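Participant: Sharing a structure with you now.
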Amino acid sequence: MQLAEPDGLLAIGGDLSVERLLLAYRSGIFPWYDEPPILWWSPDPRFVLFPDELKVSASMKQVLRRQQFRISYNEDFAAVIQRCSTIPRPGQTGTWITPEMQEAYIRLHKAGYAMSVECWQDNQLVGGLYGVKMGPFFFGESMFSDVSNASKAAFITFVQAYATELKMIDCQVHTTHLASLGASFISREEFLEIIGFS
């Protein structure tokens with residue numbers, strides 16, 4: 001893994017088969033690119049969240065207590081990943097969640113590895129996230145929110161529901177959104193030790 005570039009780029013090419021994706025995640029690697037060829041990354045440091053370090057603000061506790069959202073799991077994976085691909089993001093003009101990526105993760109979902117968390121309001125999908133769950137680890141890929149606090153509600157509810165099962169949630173790279181929820185940096189070496197890659 002020391003062969004990675006300073007920005008975390010590790011390899012170029014390959015495919016998005018279920019087998020290759022599973023091998024990549026087991027090795028602490030994920031695909032991220034906006035046009036071919038496929039780029040494979042292993043950032044150092046790595047942005048992660050340990051479930052017992054989850055931070056829930058007083059305002060979010062009120063949102064959750066009001067039960068203005070319904071949270072579900074794997075109810076509509078395809079809709080979540082599709083919405084994640086179209087949500088506008090500051091500083092980005094396009095998306096890395098291409099149709100090829102969507103198809104690959106839908107295959108991974110059907111194989112029992114990729115999962116989604118949906119946030120509903122008045123029977124409308126208003127937020128959510130998806131990622132890859134392998135044993136006690138969840139490798140987060142993307143989230144979206146169409147109304148205020150929807151993705152936070154989905155993420156917090158997910159972490160709390162799986163707290164005893166998960167050792168770590170991989171957030172990959174820093175966002176202020178996830179930092180506010182308790183995510184922090186660890187070294188790539190520590191990350192690989194935790195997931196059992198050697």
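Participant: Given the pairs 61/152; 55/167; 110/152; 55/152; 110/133, which span a C-alpha to C-alpha distance of over 22 angstrom in this model?
Facilitator: Working: 61/152 11 Å; 55/167 16 Å; 110/152 26 Å; 55/152 11 Å; 110/133 13 Å.
Among 61/152; 55/167; 110/152; 55/152; 110/133, the Cα-Cα distance tops 22 Å for 110/152.
Participant: Working with all protein chains in place, sort 109, 174 by solvent-accessible area computed with a 1.4 Å probe, largest first. Working shown, then result.
Facilitator: Values: 109 50, 174 90 Å².
Reading off the accessible areas and sorting them downward yields 174, 109.
Participant: Tally up the carbon and sulfur contribution to the accessible surface of segment 44-195 as a whole percent, 1.4 Å probe, everything protein left in place. Kindly include the intermediate steps, with their values, before the conclusion.
Facilitator: Values: 3510 of 7220 Å².
Carbon-and-sulfur percentage of accessible area, whole number: 49.
Participant: Count the net charge of all other residues whose Cβ sits under 9 Å from the Cβ of residue 139, scoring Lys and Arg as +1 and Asp and Glu as -1.
Facilitator: Values: positive: 133; negative: 141, 170.
That works out to -1.
Participant: For 66, 46, write out the residues from largest to smallest accessible area, computed with a 1.4 angstrom probe and no ligands counted.
Facilitator: Values: 66 145, 46 0 Å².
Greatest to least solvent exposure: 66, 46.
Participant: How much of residue 16 can a 1.4 Å solvent probe reach, expressed as accessible area in Å² and rounded to 10?
Facilitator: Per-residue accessible area (residue 16): approximately 10 Å².
Participant: Something else: By how many nm would the segment from residue 190 to residue 100 grow when fully extended, if each residue of separation counts as 0.36 nm and the alpha-carbon distance is taken off? Intermediate results must be reported in sequence, preceding the final value.
Facilitator: Values: separation 90, 0.36 × 90 = 32.40 nm, distance 3.15 nm.
Gain in length upon complete extension: 29.3 nm.
Participant: Continuing with this model, one more query. Protein chains only, probe 1.4 Å: how do 120, 40 rank by accessible area, largest first? Intermediate values should be presented prior to the final figure.
Facilitator: Details: 120 35, 40 15 Å².
From most exposed to least exposed: 120, 40.
Participant: Around residue 124, with a cut-off of 14 angstrom between Cβ atoms, what is the net charge of the other residues, counting Lys and Arg +1 and Asp and Glu -1? Don't jump to the answer; show the numbers that get you there.
Facilitator: On the way: positive: 70, 83; negative: 75, 76, 118, 122, 146.
Value of the local net charge: -3.
Participant: Rounded to the nearest 5, what % of the DSSP beta bridges within segment 129-198 are antiparallel ones? Walk me through the intermediate numbers first.
Facilitator: Numbers: 6 of 9 bridges.
Bridges in segment 129-198 that DSSP calls antiparallel: roughly 65 percent.
Participant: Starting from the Cα-Cα distance between residue 57 and residue 165, subtract it from 0.36 nm times their residue separation and give me the gain in nm to one decimal.
Facilitator: Details: separation 108, 0.36 × 108 = 38.88 nm, distance 2.31 nm.
36.6 nm is the gain from fully extending residue 57 to residue 165.
Participant: Averaged per residue, what accessible surface does the chain expose to a 1.4 Å probe, in Å²? Walk me through the intermediate numbers first.
Facilitator: Numbers: 9840 Å² over 198 residues.
I get 50 Å² per residue for this part.
Participant: I need to check one value: relative contact order of segment 37-189, counting alpha carbon pairs closer than 8 Å and at least 6 residues apart, in percent. Provide the component values of the computation, followed by the final result.
Facilitator: Values: 253 pairs, mean separation 56.3, N = 153.
Taking the mean separation of contacting Cα pairs over the length of segment 37-189, I get 37 percent.
Participant: Here's something else I'd like to know. Where in the chain are the DSSP H helices whose alpha-carbon span along the long axis reaches 15 Å or more and whose Kyte-Doolittle mean is at least 0.5? Kindly include the intermediate steps, with their values, before the conclusion.
Facilitator: On the way: long enough: 99-110 (16 Å, -1.08); 150-161 (16 Å, 1.05).
Once both thresholds are applied, what remains is 150-161.
Participant: Further question on the same structure: Exposed loop sites here are GluC sites (Glu not before Pro) in DSSP loop states with at most 16 other C-beta atoms within 10 Å. What is the longest stretch of the chain lacking them?
Facilitator: Details: sites that count: 75, 165.
Answer from the scan: 76-164.
Participant: A further question on this structure: Please calculate the 1.4 Å probe accessible area of residue 137, with all protein chains present, and give it to the nearest 10 Å².
Facilitator: 20 Å²
Participant: Same structure, new question: Determine how large the accessible area of residue 15 is when every protein chain is in place; take a 1.4 Å probe and give Å² rounded to the nearest 10.
Facilitator: 60 Å²
The values are calculated or read from the model by the stated rules, or taken from the named source; none is laboratory data. Quick caveat, the model's predicted, so the values are computed rather than measured. Here Cβ is always computed from backbone atoms with ideal geometry, including for glycine, and neighbour counts include all displayed protein chains. The accessibility values were calculated without ligands, DNA or RNA, using every heavy atom of the protein model including side chains. Shrake-Rupley method; radii C 1.70, N 1.55, O 1.52, S 1.80 Å.
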